[in-house]
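The block underneath contains the structure these notes are about, expressed in structure tokens.
The values are calculated or read from the model by the stated rules, or taken from the named source; none is laboratory data. This one's a predicted model, so the numbers in the text were calculated from it and none came from an experiment. Here the Cβ positions follow ideal geometry from the backbone for every residue, glycine too, while neighbour counts run over all protein chains shown. Areas reflect the complete protein model, heavy atoms only, side chains present, ligands, DNA and RNA absent. Shrake-Rupley method; radii C 1.70, N 1.55, O 1.52, S 1.80 Å.
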Amino acid sequence: MSAKQTNDSPNHHNQDSGMAAKDPVKRRRSLLIVAGICTLIALTWILLWLFMFSTRRSTDNAYVNGHQISISSQVPGTVTAILVGDTEYVKANQTLVRLDSTDADIRLLQARSALALAVRQVRRQIDTAASADAIVTMRKVELKQARTDLKRHLPLLAAQAEAAEIVQHLRDAVIQARAAVHTAEANARAAHSAITGHDVAHNPVVERARAQFRAAWVAAARNTIIAPVSGYVAQRSVQLGNNVVPGQQLMTILPLHHLWVEANFKENQLHHIRIGQPVKITTDLYGNNVVFHGKVAGLGAGTGSVFSLLPAQNATGNWIKVVQRVPVRITLNDHELDQHPLRLGLSAHVVVNIRHDHGAVLTKGPALPTAVTHVYEHIAARADAQARKIIHANLTTHVH
């Protein structure tokens, strides 16, 4: 047994030596693998930072925003009809609410009559002026006749063939005829002073009556409350029988076609954000499957705390630094909104590509109209058309 142990001892020693020689190799290989992995991770991180993370700024403190059109009455009245409800889609110029128009119709009828009377009054003044001109002509003819008679009798007076009293009467007749001409001319000037320089439709008296009719017509038309823009109805509070006053909110219209995202970036994220930079937006409504594309439209002129109801008073002594946020307005693509509609107030996640940061920080030049409606222009145009019809009708009636 001792001999067996003696023979086995060299073999066991050789095995231990081989294993000891392999351990450093494995360790070195493991370290190289780990170092390679770490290097790869570091290189990947550096590349991601250089080509991705350093070229974008992101925030999830962003919300969908849009116009909120408050609908109110422009005239006082009692609600007699409500034609739309919450969540319904309405088109521009569509009737929303009707008010009782009894009083407005009465005032409109009075204004219509006043305009017709004004037209007839001016036309009568024109006829009076024409009559005064005819009288002037007649008085001039009489003056000419009186002078002719006097001229014919003067030779007879020189030849003592005519009595002096008759010639004196003729001289008095010339004086009277001349005075009559002056009076007639004065009357003609007075008659023309009210109509000179304007036709009937543009006479000051008719213009004033037309303006009063136009105001009455517009007031009557405003008893029908129409939608200024197309959109969806929300916050309808008006009810039948309500006595509404001008400025009282009846409902709200939300046009969901022209929306934007208001992203609140930290102040230390704004250094490279510029107007016009491309933006990718995702929302919680659609998730990452739907990506909206927009552009930076402008940066807010102040932080959110400045415009808060109770702004912070940092000079009181109890001061704690808080990183401020500045709202950044991001426009959306209307075509994408048509395919995937959004709602006001939805949460969003925005990523701004700041690779090109040489653009403007503040908007310059005159601002373009943010929103425009033309539905109220038709009211004034229809009022003018009705006024022209009344004027024309009374001109024709007066001539005949």
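Take the residues in segment 346-365 that are open to solvent by less than 50 Å² (accessible area, probe 1.4 Å) and either among the basic types (Lys, Arg) or out of contact with any Ser or Thr (no Cβ under 8 Å at 6 or more places or on another chain) (or both); name whichever of them is nearest to Gly287 (Cα to Cα).
For segment 346-365, the residue satisfying everything is Asp357.
Tell me which residues, restricted to segment 308-327, are of a type in the set (Val, Ile, Thr) and in contact (Cβ under 8 Å) with a residue 60 or more places away in the chain.
Passing the criteria: only Val326.
Under the condition of being at pLDDT 80 or above, of a type outside the set (A, V, I, L, M) and under 23 Å from Ala227 (Cα atoms), which residue from segment 357-385 is nearest to the chain's Cα centre (by Cα)?
Among those residues, the one meeting the criterion is Thr373.
Can you tell me which residue is nearest to Asn288 (Cα to Cα) among those in segment 304-345 that are in contact with a Phe, Trp or Tyr (Cβ under 7 Å, 6 or more places away or on another chain) and assigned to a loop (DSSP other than H, G, I, E, B)?
So the residue we want is His340.
When you scan segment 231-238, do you find a residue that is farther than 30 Å from Leu362 by Cβ, touching a helix residue (DSSP H, G or I) at 6+ places or on another chain (Cβ under 6 Å) and assigned to a loop (DSSP other than H, G, I, E, B), even just one?
No, every residue in segment 231-238 fails to be farther than 30 Å from Leu362 by Cβ, touching a helix residue (DSSP H, G or I) at 6+ places or on another chain (Cβ under 6 Å) and assigned to a loop (DSSP other than H, G, I, E, B).
Look at Glu336 and say whether it is open to solvent by less than 40 Å² (accessible area, probe 1.4 Å) and acidic (Asp, Glu).
In short, yes.
Across segment 179-232, which residue is modelled with the highest pLDDT among those that are among the hydrophobic types (A, V, I, L, M, F, W, C) and exposed (fewer than 13 other Cβ atoms within 10 Å of the Cβ)?
Among those that are among the hydrophobic types (A, V, I, L, M, F, W, C) and exposed (fewer than 13 other Cβ atoms within 10 Å of the Cβ), it is Ala179.
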